[in-house]
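In what follows, a single structure is set out as structure tokens and then discussed.
The values are calculated or read from the model by the stated rules, or taken from the named source; none is laboratory data. All values reported here derive from a predicted model rather than from experimental measurement. Neighbour counts run over all protein chains shown; Cβ positions are idealised from the backbone, glycine included.
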Amino acid sequence: MFPELNNLLNVSPEKPEQGTFTLLCDAKTDGSFLVHHFLSFYLKANCKVCFVAFLQSFSHYNIVGQKLGVSLIAARDRGQLVFLEGLKSAVEVLFGSEEQPNTLKIIRESGSDLKSLYELVQKALIPSGDGDGDIASWKFPVLLVDDLSVLLSLGVQAVTILDFIQYCRLTVCCQLKGNVVALVHDSDKTEDEENALLVNALGHQSSLILRAEGLVTGFCKDVHGQLKILRRGSQQLKVEQTRSLIYQYKIQDKSVTFFAKGLSPAVL
């Protein structure tokens, strides 16, 4: 995880927030560093994590995780991490090589939904009630998805994805008092109506939005992009105000440095 980002969000692994839906969004840049941050953050916070990964393989996330001080292999072996490798499932669906029940088999079916994927998430995070002793050792459950835009590319409609997230929020956030974190790519193209619908609808449902954007001026070796942090008011208190902060950042091998716009050490 990145301590500077924790400071900006005013959170720590010792006292993580609960019952929240966090939307990670990237536009004209790669926002995967946010996924790696939250994955390592919740593992260090001793939460039960279900990670649905459509973008990269398990070995990729494990290599990055080791740089951030966590072992995904160890977390998986002790039952803390349930890794659903959607990338492999997508390849099996597209090339017809699936040898076992596939999380994305619904793509081939007319009128399909993401019910089978939701059931896997539900099975991973809801206590079975069979007396499994390790359930009580986790603080709360977390669902992490990287990246929902891949489902659009595979032909899943935005409305179907929104239904899936809604069911996950009701189960994880409301029923289990856990958190949901999902990444979506903003194509920023007016003709891409499905992507615009997905990004906008998820934004309205979220309590926290982290939006990574490329610089308007183009590539810079000392400033890799800017991060917009939008935190919505509490619905329980009926506060509709949205607080927004903007920071620029530079990604390094094992950390990310944040600074106010125009205040990069390289510029000063």
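Okay, residues lined up against (1) closer than 29 Å to residue 245 by Cα; (2) at pLDDT 95 or above:
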site	(1), (2)
10	yes, no
41	yes, yes
53	yes, no
65	yes, yes
71	no, yes
78	no, no
93	no, no
105	no, no
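To keep it simple, each residue is scored yes or no on (1) closer than 21 Å to residue 83 by Cβ; (2) of a type in the set (Phe, Trp, Tyr); (3) touching a residue at least 12 places away in the same chain (Cβ under 8 Å); (4) crowded, with 22+ Cβ neighbours inside 10 Å.
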{"site": "6", "(1), (2), (3), (4)": "no, no, yes, no"}
{"site": "18", "(1), (2), (3), (4)": "no, no, yes, no"}
{"site": "31", "(1), (2), (3), (4)": "yes, no, yes, yes"}
{"site": "43", "(1), (2), (3), (4)": "yes, no, yes, yes"}
{"site": "52", "(1), (2), (3), (4)": "yes, no, yes, yes"}
{"site": "55", "(1), (2), (3), (4)": "yes, no, yes, no"}
- Note on the structure: Of the residues in region 149-181, those that are assigned to a loop (DSSP other than H, G, I, E, B) and touching a residue at least 60 places away in the same chain (Cβ under 8 Å) come to 154, 177, 178
- Task: From (1) of a type outside the set (Ser, Thr, Tyr); (2) closer than 14 Å to residue 19 by Cα; (3) under 14 Å from the mean Cα position of the chain (by Cα), pick out the condition that doesn't hold for residue 176.
- Result: (3)
- Could you run through region 205-220 and say how many residues are part of a loop (DSSP other than H, G, I, E, B), in contact (Cβ under 8 Å) with a residue 40 or more places away in the chain and more than 18 Å from residue 180 (Cβ to Cβ)? 1
- Item | Filter pass, residue 184 being touching a residue at least 40 places away in the same chain (Cβ under 8 Å) and either among the β-branched types (Val, Ile, Thr) or in a helix (DSSP H, G or I) (or both) | yes
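Among the residues of region 120-141, count how many are part of a loop (DSSP other than H, G, I, E, B) and at pLDDT 90 or above.
3
Given the structure, is residue 114 farther than 30 Å from residue 6 by Cα, surrounded by 18 or more Cβ atoms within 10 Å (Cβ to Cβ), modelled with pLDDT under 95 and of a type in the set (A, V, I, L, M)? Spell out how you get there, then give the answer.
Values: farther than 30 Å from residue 6 by Cα: yes; surrounded by 18 or more Cβ atoms within 10 Å (Cβ to Cβ): yes; modelled with pLDDT under 95: yes; of a type in the set (A, V, I, L, M): yes.
So residue 114 fits the description; yes.
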